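Worksheet: the structure to be examined is printed underneath.
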Amino acid sequence: MSQPFETLSQHRCFGGTVGFYRHAAASTACAMRFSVFTPPQAAAGRVPVLYYLAGLTCTEETFMIKAGAQRVAAELGLMLVAPDTSPRGVNLPGESDSWDFGLGAGFYLDATEAPWSKHFRMYTYVTQELRALVTANFPADSARTGIFGHSMGGHGALVLGLRNPQVYRSISAFAPISAPRQCPWGRKAFAGYLGADPGPWAQYDATELAGQVKDARHRPPLLVDQGLADQFLAEQLHPHLLEQACQKSGLSLTLRRHEGYDHGYYFISSLIEDHLRHHARLLGA
């Protein structure tokens, strides 16, 4: 049975459609927004679906507007889905006090600390509720699902992908927060959402998860791109720690470092085609 949602706008794009939508989400107990690019191949049947998780301060619009992904997605027959980066409109105390915590900074986890625990459940929202809604209402092939993201969303894509190998058959990231337990952004978010005890933080740390993979042969290879002129690289991102963890467990990681590129969407748009083709190969597009 399809789940109700509201169409905010739809736009023809490369023979397909970009749509922006809103629905009442049970997992976050509030209205959530998301966007979908439906490629022209969907007119003939279900197509592979690729979820994109955006970074700090972004929304469900950011990727669709800035990444330049639709042309190649239309060629490859990939559906693209981008959720918002946090619950909104719930008016929690302190939610707007800083740009890296609260609104626009959900970190793709399920908060356990009050007052965040009622609404900030982005892990469950993305992995379960949004997937169910998309599968029920759009021509997405749930058996061919991938995930990717940028910065905070790159962290989310790696964590969700590594924790749910039965769901996500392809994983990639642009400039991810690779070891959030070891950087200021991650420690601030995890302490606020999960509590002061760092033990439970490990379940949302890609470096920790990658190092614990037992049978890497049956896991999809990871693709990560990192700009070397990224202003957040040294303090916040730590891709070398993810690289070390993958070497330890045998998990396949292609980590590409790019001279001159920073943290923004000019970097993402320069490499988006590589990521889409990476996912298309693994998803059989």
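Couple of notes before you dig in:
- Those residues of the stretch 263-273 which are open to solvent by 60 Å² or more (accessible area, probe 1.4 Å), within 18 Å of residue 147 (Cα to Cα) and either not charged (D, E, K, R) or not in a helix (DSSP H, G or I) (or both), in sequence order: none
- Number of positions in the stretch 18-41 that are in a strand (DSSP E or B), among the polar types (S, T, N, Q) and either in contact with an Asp or Glu (Cβ under 8 Å, 6 or more places away or on another chain) or open to solvent by 40 Å² or more (accessible area, probe 1.4 Å) (or both): 1
- Selected residue (only one of 276, 282 is within 23 Å of residue 49 (Cβ to Cβ), assigned to a helix (DSSP H, G or I), open to solvent by 30 Å² or more (accessible area, probe 1.4 Å) and of a type outside the set (Lys, Arg)): 282
- Close Cβ contacts (under 6 Å, 6 or more residues apart or on different chains) running from residues in the stretch 164-188 that are within 15 Å of residue 234 (Cα to Cα) to residues that are among the β-branched types (Val, Ile, Thr) and open to solvent by 10 Å² or more (accessible area, probe 1.4 Å) comprise 178/207; 179/207.
- Members of the stretch 86-101 found to be open to solvent by less than 60 Å² (accessible area, probe 1.4 Å) and either at pLDDT 95 or above or touching a helix residue (DSSP H, G or I) at 6+ places or on another chain (Cβ under 7 Å) (or both), listed by number: 86, 87, 90, 92, 95, 98, 100, 101
- Matching option when the condition is under 20 Å from residue 7 (Cα atoms) and part of a loop (DSSP other than H, G, I, E, B), among 89, 94, 55: 89
- Pairs, first within 22 Å of residue 257 (Cβ to Cβ) in the stretch 270-285, second among the β-branched types (Val, Ile, Thr) and not in a helix (DSSP H, G or I), C-beta under 9 Å, six or more apart: 278/254; 279/147; 279/171
- Screening the candidates 260, 250 for the property of being in contact with a strand residue (DSSP E or B) (Cβ under 9 Å, 6 or more places away or on another chain), of a type in the set (Gly, Ala, Ser) and open to solvent by 20 Å² or more (accessible area, probe 1.4 Å) yields one hit, 260.
- Boolean, residue 109 is under 19 Å from the mean Cα position of the chain (by Cα), within 24 Å of residue 274 (Cα to Cα), surrounded by 21 or more Cβ atoms within 10 Å (Cβ to Cβ) and not charged (D, E, K, R): no
The values are calculated or read from the model by the stated rules, or taken from the named source; none is laboratory data. Note that the coordinates shown come from a computational prediction; the quantities given were computed from them, not determined experimentally. Neighbour counts run over all protein chains shown; Cβ positions are idealised from the backbone, glycine included. The protein model used for the area step is the full one, side chains on, heavy atoms only, and it has no ligands, DNA or RNA in it. Shrake-Rupley method; radii C 1.70, N 1.55, O 1.52, S 1.80 Å.
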